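Rule-based calculations on the coordinates, nothing more; no lab input. This one's a predicted model, so the numbers in the text were calculated from it and none came from an experiment. Cβ sites come from the backbone with ideal geometry, for glycine too, and all protein chains shown count toward neighbours.
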Amino acid sequence: MAEISSHKEYAAAQAIYSILCADEKDHPSLREEELCYAAVYIAGRRNVGAVRGNFVISEKTDSLVVEMLENIYTTFQIDLRDNLSL
C-alpha cells in the first residue's frame, strides 16, 4: 500500500472521494485499502485505454481473476463474476 499511495492515481482516488462525499455530513470513513483499490482500478483503466489493437488477457491471468471472483462470491455473497471490467 505504501508504494501505491505515492502514485498520482492514489491522489486522484482521494480527490474523487472528497468530491463525492463533500455534501455528506456523516459519510463513512474510507479505509486505506479501499483508496488503494480505487487507485489500482484507475491505473488499470488508464493502461487498458492506452492499448492499441487487439487486447487479449492471458489464460493464466483470466484463470486467476475467475478464481478470485469465485472466492469473493463464496466468502461475501457478492456476485461480481459477470463484471467484464474486472
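As a calculated quantity, the FRET efficiency between Phe76 and Gln14 at R0 = 30 Å, using C-beta atoms, amounts to about 0.75. The length gained by stretching the chain between Arg45 and Arg31 to full extension, at 0.36 nm per residue less their Cα-Cα distance, is 2.9 nm. Annotation: peptides 6-14, 35-43, 65-73, ranked by per-residue average of other Cβ atoms within 10 Å with the highest first, follow the order 35-43, 6-14, 65-73.
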